[in-house]
Every structure is written in C-alpha cells, then in structure tokens.
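Have a look at the structure below before the remarks.
The values are calculated or read from the model by the stated rules, or taken from the named source; none is laboratory data. Bear in mind the structure is a predicted one, so any value in this text is a computation, not a measurement. Quick reminder, even Gly has a Cβ in these numbers, built from the backbone with ideal geometry, and neighbours come from all protein chains shown.
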Amino acid sequence: MCDTENSIQRPAHRQHMLGMGCMAVAAMLFPVKDSFIKGQDERVPILLSIGIYFIVQSLIAVGILASMRGGRIRNPFTGFNAITMARSAALTCSLGLFFISLRFVPIANAFTLFTLQGLFCLIFAHLLLDERMRPVHLVFLALASIGVIVIIKPTEIGEHLLVNLLPVISAAFFGLYIVLTRKVPRCHHPVELLFQDGILAGITFGIVYLVWAQLTGSGLDFNKTSLAVIYTAPTIAAVIGTVSSLMMIGAARLAPAAKLAPISYLELVSASCIGVFVVAEILSPSTIIGMVIIVGVCLANVMTTAR
C-alpha cells in the first residue's frame, strides 16, 4: 500500500553529493531543451509544438516503463488522484506559458525571471502546507519584484507587458507544482509521474491548438510544411527534457532543497551562454542589474531558509 507521507531517513553525505550532481545536470540541460523550442520554425504554431513536446515525452516514459518491466507495464495512472492531477495541471501551465514566452522574450531574461519559483514556493508552502513565512521573506519578495521591474521595463514595453510577465506567471505555477509534488507519496515512480505530466499536458495543448486553429482559421498547413520541420525541434527537446526531469526528481529524493537550490542557478549560466553565443542575444545593462538583484535575493532566501 502506498503511504500518504513522504517520510524517509535523511540521506548520507554521498547521497547528497549524488543528488547535487543530478541537479547540476538538470539545471544545465533545462535551457538547452528550451532553446530548441525557441528555435522552432515560426511557421509551426507554438501550441502545436508544445503539444508534440509533451506527447513525445509521454511516449518516452512508456518506453522506459516497458524496458524496466520487461514489456509488462503497470497502469501508470495507478494511484492517480486530485493531488497528482493538480500537480500535472500546474506543470502544464508553467511549462506551457514558459515555452510561449520564449517566442517573445530573450532566453536569458526568461530564465532570470523563472528563478522566482523559489520565492513562490514560500508563498504556496505557507498557504497549502501551513509553513511559517517570516518577515524577511516578505522583504525578499519586495526586492525580487524590483529586479523583475528592472528587467521587463514596464514603462517601455507598453502593450507587451503581459508577454514579458509570462515567465513570472510560469514561475508561480512551477512553485505550486513543487509544493504539490511534496504531497505526492514517494511510492509513485518518477517515470510514472513523467508519463502523467506528459500525457495530460499533451492532450491539453493538442485540444487548445485544434480549438485555436478552428476559431482563427490559421492552423498549420501540413501540406506546405515538412514533417521534419514540425517534429524535429520538439522531439529533441522532449528527449533532453526527459533526462532533465528525471535528474531533477532524483536530485529531490537524494539531497535537501537547501543544498539543491544554489545549484539550480546554473540554469542562468547555461541560458546566458545560449542566448549570447547561439541566438546572438545582447544582455543590456538593465538586464544584468535585474539578474544580479533576483539571483542575490534568491540566494539570500536559500541561506536564510537553510538556517
């Protein structure tokens, strides 16, 4: 029987190091995966590309489960309940909005804003898990908000404000996803959770794309766009994303969050390198200042929480 508590013995030092290594791999791969979505041919609607990404990821999960169990796959929805569904829905909203934002927001900016997930975790943990929020955390939230304003420059972007806020909204959903994941019993296999996330998100975005195409009449013309153009980028992203997701789940089970959080900022290093050297983005002084503020606040939050 699956316990409802996630209580386990504290990992040993070697397990902590292994978990931190897994987190480093996941953090470096996350922007690489997203760079393929950002680089997708603009003729392919982003909703369709996201749907393909998640469906391919669910198929990869099925393949892993089949290889693990000798071709006999246990129902991957075993134990599926309101919490696991809400968790998958939060991830769907988070990654969907983040992928959409990459079409309009520089990748370095998007990942800097996405690091706010750690502060949103504090809010949702306080609301859903009754964890105490100290006054210093409110100060962190206020300072992080300044960093967000410096990066998105709302007085200059006018009607594009919502687009530039998409990574922030995505970070909020990801913070909710992390808190809900803490409530999922540990007997759920990581690959099963990966399958649930992929199939639910894939179906959701597939339906949204079909409705959008029907209402606007501007769906993809499959006769004029090759299958390679349509499927290559999201398929490669799904393969990389599968490795990143499983590494992140493994890291969470091997090491405490206080040791993992600082390593997660390797995402910014990877994203900045990709932005500058691959897609030729230029980091403006205001973007660098905003990065310093947000990362500084998040690191201060980690050190405070770890005490």
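In a residue-by-residue description of region 54-61, the property of being at positive phi and touching a residue at least 40 places away in the same chain (Cβ under 8 Å) applies to no position.
Okay, residues lined up against (1) surrounded by fewer than 21 Cβ atoms within 10 Å (Cβ to Cβ); (2) more than 24 Å from residue 37 (Cα to Cα); (3) at pLDDT 75 or above; (4) of a type in the set (Val, Ile, Thr):
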| position | (1), (2), (3), (4) |
| --- | --- |
| 127 | yes, yes, yes, no |
| 134 | yes, yes, no, no |
| 153 | yes, yes, no, no |
| 189 | yes, yes, yes, no |
| 197 | no, no, yes, no |
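The selection criterion, being basic (Lys, Arg) and under 22 Å from the mean Cα position of the chain (by Cα), does not hold for residue 74.
From the list 242, 287, the lone residue that is part of a helix (DSSP H, G or I), among the β-branched types (Val, Ile, Thr) and either within 21 Å of residue 23 (Cα to Cα) or modelled with pLDDT of 70 or more (or both) is 242.
In the condition set (1) at pLDDT 80 or above; (2) farther than 18 Å from residue 99 by Cβ; (3) of a type in the set (A, V, I, L, M, F, W, C), residue 203 is compliant with all but (2).
Could you tell me which residue of region 65-77 is modelled with the highest pLDDT, considering only residues that are of a type outside the set (Phe, Trp, Tyr) and under 14 Å from residue 199 (Cβ atoms)? Filtering region 65-77 for residues that are of a type outside the set (Phe, Trp, Tyr) and under 14 Å from residue 199 (Cβ atoms), the one modelled with the highest pLDDT comes out as 65. Would you pick out the residues in region 12-43 that are among the hydroxyl-bearing types (Ser, Thr, Tyr) and outside any helix (DSSP H, G or I)? Within region 12-43, none qualify. Looking only at region 253-271, decide whether some residue is surrounded by fewer than 20 Cβ atoms within 10 Å (Cβ to Cβ), at pLDDT below 85, touching a His at 6+ places or on another chain (Cβ under 9 Å) and in a helix (DSSP H, G or I). Yes, region 253-271 has at least one match. With respect to the conditions (1) at pLDDT below 75; (2) closer than 18 Å to residue 50 by Cβ, residue 223 lacks only one, and its number is (2).
Conditions (1) surrounded by fewer than 16 Cβ atoms within 10 Å (Cβ to Cβ); (2) over 21 Å from the mean Cα position of the chain (by Cα); (3) over 17 Å from residue 110 (Cα atoms), marked per residue:
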position: 15; (1), (2), (3): yes, yes, yes
position: 18; (1), (2), (3): no, yes, yes
position: 27; (1), (2), (3): no, no, no
position: 30; (1), (2), (3): no, no, no
position: 53; (1), (2), (3): no, no, yes
position: 56; (1), (2), (3): no, no, yes
position: 60; (1), (2), (3): no, no, yes
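Among the conditions (1) more than 23 Å from residue 45 (Cβ to Cβ); (2) at pLDDT 70 or above; (3) out of contact with any Pro (no Cβ under 7 Å at 6 or more places or on another chain), residue 170 misses just one, which is (1). Applying the condition of being within 16 Å of residue 46 (Cα to Cα) and among the aromatic types (Phe, Trp, Tyr) to region 79-113 and asking which residue is modelled with the lowest pLDDT yields 104.
Residue 122 satisfies every condition listed in (1) surrounded by fewer than 16 Cβ atoms within 10 Å (Cβ to Cβ); (2) in contact with a His (Cβ under 7 Å, 6 or more places away or on another chain) except (1).
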